[in-house]
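**Q** Sharing a structure with you now.
Readers should treat all values here as calculations from the given coordinates under stated rules, not as data from a laboratory. Here the structure is a predicted model, which means the values were calculated and not measured. Cβ placement follows ideal geometry from the backbone for every residue including glycine, while neighbour counts extend to all protein chains displayed.
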Amino acid sequence: MLFRTQSAAVYGIDADLVDIEVDLTPARGEADSPSSVTIVGLPDLAVRESRERIRAAINNSAFFFPFHKTTINLAPADVRKEGASFDLPIALGILGANGDLGAREHLTDVLAVGELSLDGRVRAIKGALPVAIRAREAKIKRLLLPEENAQEAAVVTGVEVYPVADLRGAVELLAALDTDAPPLPVQIDPAVMLTPDTPTGVDFREVRGQQHAKRALEVASAGAHNILLIGPPGSGKTMLAKRLPTILPPLEFEAALELTKIHSVAGLTGRTGLVTERPFRSPHHTISDAGLIGGGAVPRPGEVSLAHHGVLFLDELPEFDRSVLEVLRQPLEDNQVTISRASMSLTFPASFMLAAAMNPCPCG
């Protein structure tokens, strides 16, 4: 029997739809012969390992894993699939082909993402916000994803977000969606999330004295200019730089949404949902050029992209390698960085304010 489900894969800060086709073929041997599971469609190691996670999750969720030859196709087949976010839709596809989802013949009207534990629990994933945006673009109204990612994905209007805690809960939710009184999706008000709460952490008003340095930071923040602080150790360079984001204008919703997409792909959002504060990134001077601008076999955002709409602070500037500083040219000029690999070329936004600090001489 053939059963289809929908999922999504994140590339850069955007997501593409992935059709998951599950085919169960009766085994030609004894009834108790072990089942075989084959995953095709350019899966990486994490996707291939999902066979054992899904098998254990289905059995431990009081469902029956079929004793059949199971073939799973991830389409399009010419695009590499990576990560464990396909566990939940593959498991739902196997249950659907086995008849555990009732009379459903396919599950293409619901997009599902999530990593499964051996006991059937659904773990958080990276890139929930780009997945929700892609679901809206594809006019898929329902999205199933882990509870930890629900607030983040619910920021996107036009998509009904349903959090699931485990595999059995996902099956029960799908059955409830077909009734006359379906459960209510997660609903949040983005305007409320952008409302500043009681300020916590550092604040620019805490600085006493340093009138010249404070005036320079005010002028730099007003015009989004880069700034270099030079002074002996202990003079307050790092202390002033850390408080720079607190005098920048509040984020607007579209800027917060773009920033959240980057942090979502990097796995830095968690349950917080929308990123509402301007970021402050302070990498160590031993960072590599790939860590600063991004990289990897499938490129991931680096520090310049994580500092988008915020401040990138380079403390002890002369200690950074020259090659690392040279790669800052393109993001500083174009407000974006393009990373090319053999398989793909991705562009990440990188509009940040550069702040740096150094001693006047090597001896301090």
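**Q** In deg cm²/dmol and to the nearest 500, what is the mean residue ellipticity at 222 nm of the chain if only DSSP H runs of at least 4 residues count, each as -39500 (n - 2.57), divided by the residue total? Numbers along the way, then the final one.
**A** On the way: 14 runs with 108 residues, N = 364.
Value at 222 nm, helices only: -8000 deg cm²/dmol.
**Q** Note down the magnitude of the dipole of the range 194-358 about its Cα centre, charges +1 on Lys and Arg C-beta and -1 on Asp and Glu C-beta and zero elsewhere, to the nearest 20 debye.
**A** Charge dipole of the range 194-358: 240 debye, to the nearest 20.
**Q** At 7 Å along the Cα-to-beta-carbon direction for both Asp16 and Ser343, put a label point, then send me their distance in nm to one decimal.
**A** It is 1.0 nm.
**Q** Antiparallel versus total DSSP beta bridges in the range 238-364: what percent is that, nearest 5? The partial results should precede the final answer.
**A** On the way: 7 of 14 bridges.
Of all bridge pairs located within the range 238-364, approximately 50 percent are antiparallel.
**Q** Moving on to the next point. Consider the candidate values [x] 1.05; [y] 0.94; [z] 1.17; state which one is Cα Rg over 2.2 N^0.38 Å computed from the structure displayed.
**A** Correct label is [z].
**Q** I would also like to ask the following. For the range 10-22, just list the computed ³J(HN,Hα) in residue order, Karplus coefficients 6.51, -1.76 and 1.60, θ = phi - 60°, integers in Hz, with x standing in for Gly and Pro.
**A** 9, 10, x, 10, 10, 10, 10, 6, 10, 7, 10, 10, 10
**Q** For the range 205-213, what does the Karplus curve 6.51 cos²θ - 1.76 cosθ + 1.60, with θ = phi - 60°, yield as ³J(HN,Hα) per residue in whole Hz, taken in order and with x for Gly and Pro?
**A** Karplus values, whole Hz, x for Gly and Pro: 5, 6, 6, 10, x, 6, 4, 5, 5.
**Q** Could you estimate the translational diffusion coefficient of the range 2-177 from the Stokes-Einstein equation, with Rh from the Kirkwood formula over C-alpha pairs, at 10 °C and 1.306 mPa s, in whole µm²/s?
**A** On the way: Rh = 15.9 Å.
The diffusion coefficient I find is 100 µm²/s.
**Q** For Met239 and Ala175 in the same chain, what is the full-extension length gain: residue separation times 0.36 nm, less their Cα-Cα distance, in nm? List each step's numbers first, then the result.
**A** On the way: separation 64, 0.36 × 64 = 23.04 nm, distance 5.53 nm.
The Met239-Ala175 span can extend by a further 17.5 nm.
**Q** Work out the length of the dipole vector of the chain about its Cα centre, built from +1 on the beta-carbon of each Lys and Arg and -1 on the beta-carbon of each Asp and Glu, and round it to the nearest 20 debye.
**A** Magnitude of the dipole: close to 620 debye.
**Q** Can you tell me the FRET efficiency between Arg136 and Cys361 if r is taken as the Cβ-Cβ distance and R0 is 45 Å, rounded to the nearest 0.05? Walk me through the numbers on the way to the answer.
**A** On the way: r = 56 Å, r/R0 = 1.23.
Here the calculated transfer efficiency is 0.20.
**Q** Another question, if that's okay. With both partners inside the chain, how many of the DSSP beta bridges are antiparallel, as a percent to the nearest 5?
**A** 50 percent
**Q** When we measure straight from the Cα of Lys261, which lysines land under 19 angstrom away, once same-chain ones fewer than 8 places off are left out?
**A** Leaving aside lysines fewer than 8 places away in the same chain, those within reach of Lys261 are Lys126.
**Q** Then there's this: Can you compute 3J(HN,Hα) from phi for each residue in the range 338-352, using the Karplus curve 6.51 cos²θ - 1.76 cosθ + 1.60 with θ = phi - 60°, rounded to whole Hz and x for Gly and Pro?
**A** Values per residue, Gly and Pro as x: 10, 10, 10, 10, 4, 8, 6, 10, 10, 10, 10, x, 8, 9, 9 Hz.
**Q** While we're looking at this one, here's another question. Mind running the shape call on the range 194-358? Use the C-alpha gyration tensor, a ≥ b ≥ c as the square roots of the eigenvalues: rounded below 1.5 for a/c, prolate if a/b tops b/c, oblate otherwise.
**A** Here the range 194-358 falls in the oblate category.
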